[in-house]
Amino acid sequence: MDEAVSELSLKCNPMDAGRALYLISAPAKEMNMELVKDLGHYLRDIASEAIIRHGDYPRERGVMDVVIILSQLSDVEKVREYYTKLASVVGEIERRQAATASRLRVTEEMSMDIPTLR
């Protein structure tokens, strides 16, 4: 479970999750309800506010894998960074749009002097 948390695709705090899902994949003879319950308790400790679901996938391969999916994250550093960058870019976007509109007006005004062919 620690490895699954450390390999999350997004840096976040599991405490900020509103929902969590953990999936266990292992040989059927190695999986039991005690293991599922222990992993559930562990995830409850690190994501105490989350509604937790679980699933299992018995298979013959001899390796146990645990996958964690967190959703409804309330605070994500990467998202905050996007908003910060966006705030600094908005002015530049507005400036470019105004410049483009100005150039289009000039082009339209210049085309007024060209006679139409009928």
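Taken together, the values in this text are just the output of simple stated rules run on the coordinates, not laboratory data. Bear in mind the structure is a predicted one, so any value in this text is a computation, not a measurement. Cβ sites come from the backbone with ideal geometry, for glycine too, and all protein chains shown count toward neighbours.
Of the residues making up the stretch 28-73, those that are over 26 Å from LEU10 (Cβ atoms) and either touching a His at 6+ places or on another chain (Cβ under 6 Å) or free of Cβ contacts under 8 Å to residues at least 24 places away in the same chain (or both) are LYS29, ASN32, MET33, GLU34, LEU35, LYS37. Does any residue of the stretch 65-76 turn out to be of a type in the set (Ser, Thr, Tyr) and surrounded by fewer than 10 Cβ atoms within 10 Å (Cβ to Cβ)? No, because not a single residue in the stretch 65-76 is of a type in the set (Ser, Thr, Tyr) and surrounded by fewer than 10 Cβ atoms within 10 Å (Cβ to Cβ).
A count restricted to the stretch 52-92 and to residues that are acidic (Asp, Glu) and under 13 Å from ILE24 (Cβ atoms) stands at 2.
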